[in-house]
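*Asks:* The structure's right below; bear with me while I get my questions together.
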Amino acid sequence: TAPELTSFDLDMNAGFLTLTFSETMRAASMDVSQLVLQSSAGDASASVGLSNASVASRNDSTVIEVELSIEDLNAVKAVTSLGKSVNSSFLSFSADLGSDMN
């Protein structure tokens, strides 16, 4: 079965996005430009695609750390309805985000 994102944590102060998956992911395969932060699950009108973020994790793991760039942090902060709470932080991505160990 394909890996699933089971949770994520957005730390705007530290500038990190922590992704937790159901299976071990290959850190080197992660294409974080696929990540889009949204203020609601079904509405991409208040959203920011991560264009300059990088994978901070070097080891394959179920937990992958993404470091947001200053540009990405500022873009998220500019959308006032985004990233303020659990209820205003959703994450979308394509199937090309990364691969598991299989």
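*Asks:* Please give the per residue accessible area of the chain, computed with a probe of 1.4 Å over protein heavy atoms only, in Å².
*Replies:* Accessible area per residue, the chain: 54 Å².
*Asks:* Quick one: in the chain, what % of C-alpha pairs are over 21 Å apart?
*Replies:* In whole percent, the share of Cα-Cα pairs in the chain beyond 21 Å is 27.
*Asks:* Now, a different point. When the chain is fully extended, how far beyond the present Cα-Cα distance does Asn87 get from Thr24, taking 0.36 nm per residue of separation? Each step should come with its number before you reach the end.
*Replies:* Working: separation 63, 0.36 × 63 = 22.68 nm, distance 2.70 nm.
In short, 20.0 nm is gained.
*Asks:* Step by step: find N for region 24-75, compute 2.2 N^0.38 Å, then divide the Cα radius of gyration by it. What's the final number?
*Replies:* Details: Rg = 12.1 Å, N = 52, 2.2 N^0.38 = 9.9 Å.
Normalised by 2.2 N^0.38 Å, the Cα Rg of region 24-75 equals 1.23.
*Asks:* Ordered by packing density, taken as the mean number of other Cβ atoms within 10 Å over each peptide's residues, highest first, how do 43-56, 75-88, 15-28 rank? Can you show the working numbers first?
*Replies:* Details: 43-56: 15.8, 75-88: 13.6, 15-28: 17.4.
So the peptides 43-56, 75-88, 15-28, ranked by packing, come out 15-28, 43-56, 75-88.
*Asks:* Based on Cβ point charges of +1 for Lys and Arg and -1 for Asp and Glu, what charge dipole magnitude is obtained for the chain about its Cα centre, in debye rounded to the nearest 20?
*Replies:* Result for the chain is approximately 220 debye, rounded to the nearest 20.
*Asks:* Over the chain, what is the relative contact order in whole percent, taking alpha-carbon pairs under 8 Å and six or more residues apart?
*Replies:* Numbers: 219 pairs, mean separation 35.0, N = 102.
With pairs under 8 Å counted, the relative contact order is 34 percent.
The values are calculated or read from the model by the stated rules, or taken from the named source; none is laboratory data. Note that the structure is predicted; figures quoted are calculated from it, not measured. For neighbour counting, all protein chains shown are included, and Cβ atoms are generated from backbone atoms with ideal geometry for every residue, glycine included. Surface accessibility is based on the protein's heavy atoms, side chains included, excluding ligands, DNA and RNA. Shrake-Rupley method; radii C 1.70, N 1.55, O 1.52, S 1.80 Å.
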